[in-house]
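Reading through the structure tokens given below for one structure.
The values are calculated or read from the model by the stated rules, or taken from the named source; none is laboratory data. Small disclaimer: the values here were computed from a predicted structure and weren't measured. No Cβ is skipped: glycine too gets one built from the backbone with ideal geometry, and neighbour counts run over all protein chains shown. To get the accessible areas, we keep the full protein, side chains included, count just its heavy atoms, and leave off ligands, DNA and RNA. Shrake-Rupley method; radii C 1.70, N 1.55, O 1.52, S 1.80 Å.
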Amino acid sequence: MPSHFSTPIRAEISTRLCGMGLALPMAIFIAGAFAARAEDPINEAPLPSSTDYSVAQTNAAPPPPSLPYAVDTYNSQGGAPGGEGYSAEPRRFHYSLRLTVRGVYDDNIFISNTNRVSDYYFAIEPAITIGFGDMEGRGGDYIRLDYMPSIVLYVDHSDEDAVSHLIHLEGRHQFSRLTVTLSQEVDILDGTNLNSTLDTTGLHANLDASEPTRLNLFITRLRADYELSGKLFLTGEFNADIYDYPDFISSELLSGGLYINYNWTPKVVVGIGGTAGHVFVDDPNPDQTFEQANVRFNYQMTGKLSFNASAGVEFRQFDGNQSERTTPVFELGATYRPFDGTTITLAGTRRMLPSGFFADQDFATTAVVLSIQQRLLQRIYLGLAAGYENDDYFSTVRGVNATRDDNYYFVEPSLDVLITRYWSAGVYYLHRQDFSSIDSFSFYDNQIGVRTTIRF
């Protein structure tokens, strides 16, 4: 940490901690630790505190806004983030406790075009994972809960202090021919970022608002696979996305889909089907309906390469007199592990979202993220995350001129060192920049952070 952090400042931080509603998160964290002492701990692999971009192997599902993880990261056949080593014993209770503390210098805390304000902040991020069953392989029955509060404390701008809550619940149950999986994401966000349990350093800014704001995000995914024969199976899906902006425009998306899939080879699955849904948007914005026709492809090479994609076309209608909009949509994800200790991940998506900031406008968001992680000498981890996002706004009613178009880039190199099996420390640098056709939404931001993680 910087040497000029005096004792009074540390005392002030401690006082603010006590007054920010931390009693409930810390009580849950401590209670979970004592409750789990007599059970099986999660035997985590010794990974650093850097973000893991594990991508699942099946079922491309719509991600949260501006979070370009192209497939359902928590799908039943996906790899567990962080390389955890869970037992597959179905009736055993497993747990993991983790604490990450970051000290960060940020030269544009408001991601503003003209009002560039710099500050130091501390991020305190305890996390607990509990569950039963096959929590890593996700090939058997399991249930898993992840909870991470993220407390951000500024040194000079205490009025910007914020607490976010990141919650993920998922489970799977297999009957004779039917397999049901469910995931629920709850992100209570306060600030400029679209954080998730996979990323809290700020890779994904809330470009739509482009200012500190509150967002309550609820993402529900329900999937049922029914085996028709040794080669054919049906997939039914239900999705519910709620974007609750207390200060702006909220929306709710409900959709369902049906797909028929064919096991072409033991490693290749192809599918075709469609999705339809309805979007409820706060007044006076018009509600919307949409239909999609998609093809899907999944390739799995054990231990080396996995790839999946969903691509198609969407037809969207708007209440009122606006004409129908037709646009391509896609989601893709690939993970490549060419050598021991090397992981390369690519994810991409294109979809339509209602604007929470502009009345009577939607935007088409197209994004791609590349992540590389390399382990050296068993204790040093080099990471690189880079991404691009384009948000192209369009009108949902006649007479509205939608001209905004944003091009956003980020790059984050990192270095983490495993000090012991349960303790790691590292440093990272984040540069992110948005070029907007409306100058007031353009910004650039640089962050330098140090971090340490302890696992229990």
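Taking a quarter of the surface of the Cα convex hull of region 138-276 gives a mean projected area of 10.5 nm².
Arg116 exposes around 80 Å² of accessible area when a 1.4 Å probe is run over every protein chain in place. Taken along its three principal axes, the alpha carbon spread of region 179-220 comes to 42, 18, 14 Å, from the longest extent down to the shortest. Based on every Cα atom in region 402-456, Rg and the maximum pairwise Cα distance Dmax equal 17.0, 54 Å.
In plain terms, the bigger the Kirkwood radius, the slower the diffusion; for region 247-348, with that radius from Cα pairs, at 25 °C and 0.890 mPa s, Stokes-Einstein puts D at 152 µm²/s. Here each label is just a point 7 Å from Cα along the line to Cβ, and for Tyr226 and Glu324 those points are 2.9 nm apart.
Overall, the ratio between the Cα radius of gyration of region 358-456 and 2.2 N^0.38 Å, rounded to two decimals, is 1.52. Would you work out if region 332-381 is rounded, prolate or oblate? Take a ≥ b ≥ c from the square roots of the eigenvalues of the alpha-carbon gyration tensor; rounded if a/c is under 1.5, else prolate when a/b is larger than b/c, oblate otherwise. Cα axes put region 332-381 in the prolate bin. When all protein chains stay in place and ligands, DNA and RNA are ignored, the 1.4 Å accessible-area order of Glu291, Glu237, largest first, is Glu291, Glu237.
Stick to the Cα atoms of region 211-301, pair each with every other, and give me the Kirkwood hydrodynamic radius in Å at one decimal. It works out to 15.3 Å. Accessible surface of Asp190, taken over heavy atoms with a 1.4 Å probe and every protein chain present, rounds to 70 Å².
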